[in-house]
1. Could you figure out which of (1) within 29 Å of residue A:428 (Cα to Cα); (2) of a type in the set (Ser, Thr, Tyr); (3) surrounded by fewer than 16 Cβ atoms within 10 Å (Cβ to Cβ) isn't true of residue A:172?
2. Just checking: which of the strands (runs of 3 or more DSSP E) contained wholly in region A:228-298 hold 3 or more residues that are over 25 Å from residue A:392 (Cα atoms)?
3. Mind checking which residues of region A:142-198 are in contact with a Ser or Thr (Cβ under 8 Å, 6 or more places away or on another chain), part of a helix (DSSP H, G or I) and away from chain B (no Cβ under 11 Å)?
4. Using the structure shown, decide if residue B:117 is over 30 Å from residue B:156 (Cβ atoms) and more than 14 Å from chain A (Cβ to nearest Cβ).
5. Given B:105, B:91, B:96, B:52, which one is at positive phi and either more than 14 Å from chain A (Cβ to nearest Cβ) or hydrophobic (A, V, I, L, M, F, W, C) (or both)?
6. Restricting attention to region A:199-226, report how many residues are under 26 Å from residue A:318 (Cβ atoms) and either more than 14 Å from chain B (Cβ to nearest Cβ) or among the aromatic types (Phe, Trp, Tyr) (or both).
7. Taking region A:288-310 as the search range and keeping residues that are aliphatic (A, V, I, L, M) and under 24 Å from residue A:73 (Cα atoms), which one is nearest to the other protein chains (Cβ to nearest Cβ)?
Amino acid sequence: MATIDLNDDSAVVVIGSGAGGGTLANELCQKGIKTVLLEAGSMESTESFVNDEWAAFGQLSWLDMRTTSGDWRVAKDFPNLPAWICKTVGGSTTHWAGASLRIQEHEFKALTTYGEIEGATLMDWPIGLSDLEPYYAKAEDKMGVTRTNGIPGLPGNNNFMAMYAGATKLGYENCHTGNMAINSRPRNGRTSCQQLGFCFQGCKMGAKWSTLYTEIPDADATGNLDLRAGAQVLQLQHGDDGKVNGVLYADKDGNQSLQKARVVCVAGNSIETPRLLLNSASSMYSDGMANSSGQVGKNYMRHMTGSVYAAFDKPVRMWRGTTMAGIITDESKHDTSRGFAGGYEMETLSLGLPFMAAFLDPGAWGRDFTRKMDEYQNMAGMWLVGEDMPQESNAITLHESEKDAFGMPVPNVEFSDHPNDIAMREHAFTQGSEVYMAAGAKEAYRVPPYPSTHNLGTCRMSEKAADGVCNKWGQTHDIANLFISDGSQFTTGAAENPTLTIVSLAIRQADQIAKLMTEKSI
Amino acid sequence: MQQTVVFSRRKFLKTGTGVLVGSLAFSLGSVSTPAVGDTWKLSLESLDSDTGKALLKVARHIFPHDTLDDAVYALVVKDLDGAAADAAVAGMLSDGVAQLNDDAGGNWLEASDEDQLKLLTARADGPMFGKVKGTAVVSLYNNEMAWEHFGYEGASFDKGGYINRGFQDLEWLPQPSESASPPKA
């Protein structure tokens, strides 16, 4: 591990070690660029991960105080847990399911494809699929995505068999075990999936790609990485020229340090990233950093989600094997005859008994609830994930009075569904239920959205500086040496699980940062 | 008030006959509730045994699984007892039970199950109900006795995962095509 001096102002500082930050740090280090990687959470490992839902939740999750508002049900059921994301080295790549899908061409052009939709702040991305294709290819290779690069698909588990049986009967044509960043064969020094069924709890096999045991050790091996775990960033600082020049953070003992920087890249996930920019307000940047557009924190997206679990008359034991074991992609098209714009994916999902109790129908009690829980081992399940409409009023803002342990305002997460989101969810619930009824289920349960796992769009990319926070490279419009390096960049949400795109954007951004550094323009 | 908590989840795992073994009891006031085929004891540190017994029944009404042993519901009471180390929580819980007793005109536990539920439902907006529900939704389902009951198998890493232990053993649904679900390596 390199040791980079706090006063060394030649380094790039990356904030957050997940899909965006962890990948970016490695890519920079591979190019010979000295990189400080600040991670708020602590270091875990495949050895310390636990096959226990609540214990792993406590070990990996971001549980710092947050507040919620808006009409989403999460605000009522989990008022201080708007998002189910991680605070640990590797970020939410420790917890993610592994689904690795490319955004479709038309989804990059959401405004052009869907047209103006009332109440939605749709825009076209300043990049298209062709810009990202070479980077998608690199990401798929890096991550070992099944059904790419000659890597076979994973074998389907019982939960997949239930989905497949119904999908086939309904006439869906695209149902398979997915494009997963989970090794179906040993690859790049990591073993293959042993079907543990605890993908969300940190993969103890290391078969699922996570920056924790891929990008970060690779970066370390270059001698260019200084990883600091337990470093909670409090504020970005800037010089008289307006350029960012340092990062103030607190270590695990609460001691504060200022790390000087040549370039700063923020990848704290779509809640912490805008929070940090807003908490970095100064006399020069009175509304927060990189916020001349007023768009920092706005257009928070979380994907249209929901789940369908269905009870069969025999055991399915959906928990055996990969958590996200298969997909139906037929509904991911844009087809307004269904009554909404954009599309959604249907992906198997299983929860263990403890989390099923927590999420099946939060707040419910009595015989109707327990009758469903009694069917637990007979259940199959799927998650529905689709494009939600960006709305300016869905936003991350700073809480007026609540402060964290360091005196910094906590984030409030405001979210309300757009009518398009509601129409899509209704369609998805219906189709998901139909899949299982076609497979012979006796009853299907509609399960409301969990706390957000896909947090997107709060520092969106835009062609024009007035419309968004960063340009097509993730470089902020206002401050040349400040970059957004996570899902906050997403102009719109698209239907696909976002990690592959976040990784691809990070690889591409590293190329651009290296180029600009060589040119001495940053 | 210090009592030894005689408690180990592993001790209560069923032996294959569906009978719970071990001992778990309310030792304060030496209350023991007869479980299926056995007795058990739970030592309480902060709550008195009458409150503990009532809370166990409250948890049963909130999440009724008729064939789930009282020993599992006792784990909810154990966690409530832990929370009751905070005197404010202890007071809130015992006040909630006292309220139910008042509503029942004496002892809520002596009312019929139907009347108990009716009286409890009328207090469903109260803090005691919310505390028991919020605790039970975790405690009741996050233990190996419950996993055994519901058929959930828990941790798999130590057993080599499910790759050779039935992750694709459904015989009552058609086999997916090899292109949809390739064979395992």
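1. (3)
2. Per the criteria, A:232-238, A:244-250, A:256-260.
3. A:142, A:143
4. no
5. So the residue among B:105, B:91, B:96, B:52 that is at positive phi and either more than 14 Å from chain A (Cβ to nearest Cβ) or hydrophobic (A, V, I, L, M, F, W, C) (or both) is B:105.
6. Going through region A:199-226 one residue at a time, the tally reaches 3.
7. A:310
Each row is one residue, and each column tells you yes or no for (1) in contact with a Cys (Cβ under 6 Å, 6 or more places away or on another chain); (2) polar (S, T, N, Q); (3) within 24 Å of residue A:272 (Cβ to Cβ); (4) surrounded by fewer than 20 Cβ atoms within 10 Å (Cβ to Cβ).
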position	(1), (2), (3), (4)
A:348	no, yes, no, no
A:362	no, no, no, yes
A:369	no, no, no, yes
A:396	no, no, yes, no
A:413	no, no, yes, no
A:426	no, no, no, yes
A:430	no, yes, no, yes
A:436	no, no, no, no
A:442	no, no, no, yes
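All of the numbers you see were taken from the coordinates with simple rules; none came from a lab. All of these numbers come straight from a predicted model, not from anything done at the bench. When we count neighbours, we look across all protein chains shown, and the Cβ atoms used for this are built from the backbone with ideal geometry, even at glycine.
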